[in-house]
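The values are calculated or read from the model by the stated rules, or taken from the named source; none is laboratory data. Predicted, not measured: the structure shown is a model, and the values here were computed from it. A quick note on method: Cβ atoms are made from the backbone with ideal geometry, for glycine too, and the neighbour counts reach across all protein chains shown. Surface areas here come from the heavy atoms of the whole protein model, side chains and all, with no ligands, DNA or RNA. Shrake-Rupley method; radii C 1.70, N 1.55, O 1.52, S 1.80 Å.
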Amino acid sequence: MSGTFVGMPAFPVAAHEAVHDSTLRGNLRHATHTIRAKREKAVAEVSDWAALREAGKQIKDHTLRHLDRYLVQLEEAVTAAGGVVHWAADADEANRIVTALVRMTGETEVVKVKSMATQEIGLNEALEAAGIHAYETDLAELIVQLGKDRPSHILVPAIHRNRGEIRDIFAREMGEWGRPAPEGLTDTPAELAEAARLHLREKFLRAKVGISGANFMVAETGTLVVVESEGNGRMCLTLPETLISVVGIEKIVPSWRDLEVFLQTLPRSSTAERMNPYTSMWTGTKDGRAGEGDGPGTFHLVLLDNGRTDTLADEVGRQALRCIRCSACLNVCPVYERAGGHAYGSVYPGPIGAILSPQLRGTGSEIDASLPYASSLCGACYEVCPVAIDIPEVLVHLRERIAEGGPTTRDGNRVLLKPAKGHAAERAAMRAARWAFSHPGALRGGQRLASRTRRFHPRTLPGPGRAWSATRDLPEVPAESFRDWWQRTRGGKDVTK
């Protein structure tokens with residue numbers, strides 16, 4: 001994935017630094033609690049929310065099972081509407097395709113709609129290396145770009161910045177990228193938004209090439225859908241003569257009827273709105289639509305794999321591909337709220353990033369091997385997910401893969417992973433537990449011994465175990481096991497014999 005995050009430390013190291021940043025924690029706490037409270041009210045208005053959630057899950061699962069068929073159908077529909085479809089196996093291939101397409105136009109500037117897929121592959125950096133300037137037009141992405149920063153949230157990439165910091169960034173950097181910020185700019189939201197509008201308008205009116213992602217692709221018609229709340233997306237999608245869309249292959253839905261479900265669940269789960277202020281849809285080119293006057297004359301769709309078919313091969317982990325990027329899981333996660341998005345070392349932070357990034361990128365790096373452990377397994381993320389991704393289940397599944405090794409799929413090939421370093425004690429403990437649970441007599445004897453010696457038990461664990469007990473209370477061993485209590489009080493049969 002993107003080279004932006006190369007060299008990032010493992011999650012425990014990055015999170016340890018982040019939790020000591022009081023400004024960051026204050027910004028995150030205020031923003032996530034506000035979004036969470038609004039979402040709860042928006043979802044409570046819908047009497048059939050559980051049914052919509054289940055429908056979204058079923059649609060996504062059906063589509064993933066038949067992804068090959070729907071992708072071919074999509075390609076045929078886009079081509080019939082005047083578009084050109086390109087297939088990119090990985091980030092490097094996608095970057096080469098997009099760079100070549102921009103060069104064909106002779107342009108050296110592009111405007112972009114907020115797109116996590118292009119961040120995933122590091123497209124801005126690839127274009128910059130080719131002498132092409134990519135300008136982000138989403139307000140939060142603009143803040144991140146001007147601040148030479150990285151996004152830290154799926155929905156609100158600049159969630160870690162407060163208004164004063166944003167004002168300073170605009171005043172200091174806007175002049176280097178185009179129209180400077182107005183003199184005497186304050187940190188009021190209206191003034192900051194107006195400064196961004198004036199700065200970006202020059203870019204919109206001048207750009208001949210636009211680059212976008214897509215929230216959904218409709219297979220039956222070849223229609224792409226972008227939902228946003230600022231209007232910048234519609235400017236990027238309609239004003240440029242050439243439009244290039246980079247979209248993950250999992251973003252497809254079979255029909256318009258299926259799309260209707262997600263246009264109800266996505267806005268309520270993300271921005272806590274009943275519907276998105278701007279829902280833009282386009283099918284091919286204006287020439288492909290019998291000469292209609294709006295939209296691009298040239299349209300290219302780059303379908304991105306980059307680890308997605310490898311993820312699809314995992315029966316447990318593939319449910320991460322249901323994700324519609326609403327960010328609800330981030331806003332309820334106690335770990336994300338304290339550590340922030342940068343600690344995850346990926347454009348996909350929070351609980352969904354903890355299961356998606358290690359599958360797309362593999363678990364070979366220190367940071368990817370640490371991400372499945374970046375969770376308390378409280379389950380709040382599963383409860384709010386509008387497509388019912390069981391994130392805790394996938395986290396445990398990936399932890400097992402890291403600690404124990406085993407077969408997995410990388411680059412389309414089945415490979416056997418070796419157990420990761422640093423998990424020998426964990427593997428030994430789990431094997432001992434497996435043996436004990438397989439021998440009831442030994443388990444009962446161990447329980448009785450633990451109960452009779454409980455007054456001598458330490459309050460903290462020795463050696464490497466200190467890292468665990470330093471922040472947790474060791475559970476107190478009861479004076480009597482459940483089996484012994486049951487036999488004593490109920491006179492029941494000894495279940496261990």
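Out of (1) open to solvent by 10 Å² or more (accessible area, probe 1.4 Å); (2) in contact (Cβ under 8 Å) with a residue 60 or more places away in the chain; (3) not aliphatic (A, V, I, L, M), what's the single condition that is false for Y348?
Y348 satisfies all of (1) open to solvent by 10 Å² or more (accessible area, probe 1.4 Å); (2) in contact (Cβ under 8 Å) with a residue 60 or more places away in the chain; (3) not aliphatic (A, V, I, L, M) except (1).
Residues of the range 359-374 being of a type in the set (S, T, N, Q) and either over 11 Å from Y344 (Cα atoms) or touching a Lys or Arg at 6+ places or on another chain (Cβ under 8 Å) (or both), which ones? It would help to see each step written out before you state the result.
First, pick out the residues of the range 359-374 that are of a type in the set (S, T, N, Q): 359, 363, 365, 370.
Within the range 359-374, Q359, T363, S365 qualify.
Would you mind stating whether G379 is closer than 20 Å to P358 by Cα, open to solvent by less than 80 Å² (accessible area, probe 1.4 Å) and at pLDDT below 90? Before the answer, list the steps.
On the way: closer than 20 Å to P358 by Cα: yes; open to solvent by less than 80 Å² (accessible area, probe 1.4 Å): yes; at pLDDT below 90: no.
For G379, the condition - closer than 20 Å to P358 by Cα, open to solvent by less than 80 Å² (accessible area, probe 1.4 Å) and at pLDDT below 90 - is not met.
Filter the range 403-447 down to residues that are open to solvent by 100 Å² or more (accessible area, probe 1.4 Å) and over 28 Å from I367 (Cα atoms), then give me how many there are.
Residues meeting the conditions: 3.
Filter the range 466-485 down to residues that are open to solvent by less than 90 Å² (accessible area, probe 1.4 Å) and among the aromatic types (F, W, Y), then give me how many there are.
Qualifying residue count, the range 466-485: 0.
Being exposed (fewer than 14 other Cβ atoms within 10 Å of the Cβ) and in a helix (DSSP H, G or I) is the requirement here; does A450 meet it? Let's see the steps before the verdict.
Working: exposed (fewer than 14 other Cβ atoms within 10 Å of the Cβ): yes; in a helix (DSSP H, G or I): yes.
Criteria met by A450.
Go through the range 113-133 and report how many residues are under 22 Å from the mean Cα position of the chain (by Cα) and in a loop (DSSP other than H, G, I, E, B).
4
Would you be able to tell me the number of residues in the range 211-235 that are modelled with pLDDT under 95, over 22 Å from E107 (Cβ atoms) and open to solvent by 40 Å² or more (accessible area, probe 1.4 Å)?
Residues flagged as modelled with pLDDT under 95, over 22 Å from E107 (Cβ atoms) and open to solvent by 40 Å² or more (accessible area, probe 1.4 Å) within the range 211-235 amount to 2.
Starting from residues that are surrounded by fewer than 17 Cβ atoms within 10 Å (Cβ to Cβ) and not in a loop (DSSP other than H, G, I, E, B), keep the ones in the range 134-164 and report whichever is farthest from the chain's Cα centre (by Cα).
If we take residues in the range 134-164 being surrounded by fewer than 17 Cβ atoms within 10 Å (Cβ to Cβ) and not in a loop (DSSP other than H, G, I, E, B), then G164 is farthest from the chain's Cα centre (by Cα).
Just wondering, is there one or more residues in the range 1-21 that are in contact with a Lys or Arg (Cβ under 8 Å, 6 or more places away or on another chain), closer than 28 Å to A126 by Cβ and not aromatic (F, W, Y)?
yes
Restricting the search to the range 105-128, which residues are free of Cβ contacts under 8 Å to residues at least 24 places away in the same chain and under 19 Å from L239 (Cβ atoms)?
Passing the criteria: only G106.
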